[in-house]
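Report on one structure; see the data block that follows.
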Amino acid sequence: MGRPLAIVRGVALLGLTAREVRVEAASSPGLPLLRLVGLPDAAVREAGDRVRTAITRHGLRWPGERIVVNLAPADLPKAGSAFDLPLAVAILAATGQVPIAAAAACWACGELGLDGSVRPVAGQLPLVAGARQLGAERLLLPAAAASEAALVEGLELLPVADIGEVVELLGGRCAPRVVEPLPRQAGVTGPDLAEVRGQPVARRAVELAAAGGHHLLLSGPPGCGKSMLAARLPGLLPQLTTDEALEVAALHSLAGLRSPEQPLDLRPPLRSPHQVVSAAALVGGGSGVPRPGEVSLAHRGVLTLDELLEVPRAVLDALRQPLEQGEVVLTRSRARVSYPAKVLLVAATNPCPCGYLGDPRRACSCRPDRIERYRARLSGPLLDRLDLQVSLRPLDPDALVGAASGEASSVVATRVADARQRAAARWGGGTLNRDADPQGLRHATDRRALARLAGALHGVGGSARAFDRTLRVARTIADLGDDEVVRTVHVEEAVAYRLPATRGAA
Ligand SMILES: [Zn+2]
């Protein structure tokens, strides 16, 4: 006769979506053997060895009998080392070393070291948040991840540093550790806008981008301040709420970029991948369950792409769907996962391959056909989504010496926050003007302004999509001026930001 079935609950993640996994262990007489069933991946299969070593090295008993562990449901892929802890608890319960009832009352996620230590895994935060969403009340987890987990409300945490502590805690021989939630990190992201002198049009475009969430293209010769401006954009965005920051932190945790001891960052993220980034690194990918890419790591913040025209066309094309839908959908044979990707894209480009076209300081050395091919690489549909296009002139060093420093980020951020509030009150939820409904937009637009916009875009072969997108920018311009109606003057400014690249001007 074997003992009763021991059950512990664990969590499998498909993207940020959590699914419950029941880890069931049964022991029965027979040759000593551990069998794992239920679609474990290689890391989960190796868990058997890790758990065995950890248990025996910690002076606990490894059973001299046959143990079968089932991970249910069987059709759900289980990946990674987060199943070590539930597996160990289930085996300890099946072999009478912790009470079966105590094991059944809790969920568990964490990795075991060979020395029996319990350690956080990549994705620890979304695992904890997922357990809570699935209805977990008590959670066994690595002590090093407890303060981070305490940010997720409504969970009784049972932090453990090693497998010995699991036995003590579930056996009722010690009380759970007291956990202090992680501090939150506020303040401004990155450097200040006051340090940028000159470039009034580009500064205005950066403010509009922050206020309405419109994607931005900065074109100009090297050294004109494109990257300086892009780096200052996150500092103009409102601070994240705790829930938003947890969502961003969960994505960074999944990508292995976040240590559970790091404070919760309330500042919007800034991601600046190099132009040789692969499509998988940009939008997400990898074998097994795909991991989030740069566009999701920049969720609720800013993604900058320097030298946009050096980025391969296929990589740029991969960006279109996330920019349009605010999420990335990745399909693999065993899993279809989606990651949020609401980003503000700031792309920068040189006017030509050498960078000096139109620059009085230095002659452009590019042949006309090379310039043509260079520009053709910027795909039409992606260009269509860059609503604010600005050509920056080279800075005149003499003019800079006398130029007053620009407005500080905090001043601009206040205007941005006000404009965002107007948009949110109008559209509901946290909707930005970038995502505003076309019907609603037309309703609050002056008739002459609509006619002016149609005329201006007709002249350059603008699409219906371009019409709506330009109107959204005009809406943001009106909001920054605290005007409830979109007027001709707003439309004219918005059209001016769409034209430079459409014309192919430097
Ligand atoms: Zn050139």
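The values are calculated or read from the model by the stated rules, or taken from the named source; none is laboratory data. What you are looking at is a predicted structure, and each value in this text was computed from that prediction instead of being measured. Note: ideal-geometry Cβ built from the backbone for every residue, glycine included; neighbour counts use all protein chains shown. Ligands, DNA and RNA are excluded from the accessible area calculation, which covers all protein heavy atoms including side chains. Shrake-Rupley method; radii C 1.70, N 1.55, O 1.52, S 1.80 Å.
Key figures
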item	result
Given (1) within 22 Å of ASP306 (Cα to Cα); (2) within 16 Å of the ligand (Cβ to nearest atom), index of the condition GLN389 fails	(2)
Within the stretch 253-270, considering residues that are out of contact with any Gly (no Cβ under 8 Å at 6 or more places or on another chain) and either among the acidic types (Asp, Glu) or surrounded by 24 or more Cβ atoms within 10 Å (Cβ to Cβ) (or both), the one nearest to LEU303 (Cα to Cα)	ASP265
Subset of the stretch 129-186 [within 24 Å of THR56 (Cα to Cα) and in a helix (DSSP H, G or I)]	ALA143, ALA144, ILE163, GLY164, GLU165, VAL166, VAL167, GLU168, LEU169, LEU170
Any chance THR304 is under 21 Å from CYS224 (Cβ atoms), of a type in the set (Ser, Thr, Tyr) and away from the ligand (no atom under 16 Å from the Cβ)	yes
Condition check for ASP84: closer than 16 Å to GLU46 by Cβ, without any contact (Cβ under 8 Å) to a residue 40 or more places away in the chain and either not assigned by TED's automatic domain parsing to the domain that holds VAL160 or not aromatic (Phe, Trp, Tyr) (or both)	yes
Residues of the stretch 146-158 classified as acidic (Asp, Glu) and open to solvent by less than 30 Å² (accessible area, probe 1.4 Å), total	1
Pair list, Cβ under 8 Å, 6 or more apart: the stretch 417-433 residue in the same structural domain as ARG475 (by TED's automatic domain parsing), other residue among the β-branched types (Val, Ile, Thr)	ALA419/THR476; ALA423/THR431; ALA423/THR476; ALA424/THR431; ASN433/VAL473; ASN433/THR476
Among (1) touching a helix residue (DSSP H, G or I) at 6+ places or on another chain (Cβ under 8 Å); (2) under 20 Å from ARG377 (Cβ atoms), the one test that VAL311 misses	(1)
Residues (open to solvent by less than 20 Å² (accessible area, probe 1.4 Å) and within 21 Å of ALA129 (Cα to Cα)) located in the stretch 231-252	LEU240, ALA245, VAL248, ALA249, ALA250, LEU251
Residue within the stretch 74-85 that is modelled with pLDDT of 85 or more, outside any loop (DSSP other than H, G, I, E, B) and open to solvent by less than 20 Å² (accessible area, probe 1.4 Å) present	yes
Selected residue (only one of THR431, THR470 is hydroxyl-bearing (Ser, Thr, Tyr), outside any helix (DSSP H, G or I) and at pLDDT 90 or above)	THR431
Counted residues, the stretch 18-38 - those being in contact with an Asp or Glu (Cβ under 7 Å, 6 or more places away or on another chain) and open to solvent by 30 Å² or more (accessible area, probe 1.4 Å)	4
Yes/no for LEU127 being open to solvent by less than 40 Å² (accessible area, probe 1.4 Å) and in the same structural domain as ARG52 (by TED's automatic domain parsing)	yes
Subset tally (residues that are open to solvent by 10 Å² or more (accessible area, probe 1.4 Å) and in contact (Cβ under 8 Å) with a residue 40 or more places away in the chain) for the stretch 462-476	5
Hits in the stretch 43-70 (condition: in a loop (DSSP other than H, G, I, E, B) and among the aliphatic types (A, V, I, L, M))	LEU60
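For (1) outside the structural domain of THR53 (by TED's automatic domain parsing); (2) surrounded by fewer than 19 Cβ atoms within 10 Å (Cβ to Cβ); (3) of a type in the set (Gly, Ala, Ser), each residue gets a yes or a no:
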| site | (1), (2), (3) |
| --- | --- |
| GLU111 | no, no, no |
| ALA144 | no, yes, yes |
| VAL160 | no, no, no |
| ILE163 | no, no, no |
| ARG177 | yes, yes, no |
| ARG184 | yes, yes, no |
| PRO200 | yes, yes, no |
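Each row is one residue, and each column tells you yes or no for (1) open to solvent by 40 Å² or more (accessible area, probe 1.4 Å); (2) of a type outside the set (Gly, Ala, Ser).
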| residue | (1), (2) |
| --- | --- |
| ALA281 | yes, no |
| VAL295 | no, yes |
| ALA298 | no, no |
| ALA314 | yes, no |
| LEU319 | no, yes |
| VAL329 | yes, yes |
| ARG332 | yes, yes |
| ALA341 | no, no |
| PRO351 | no, yes |
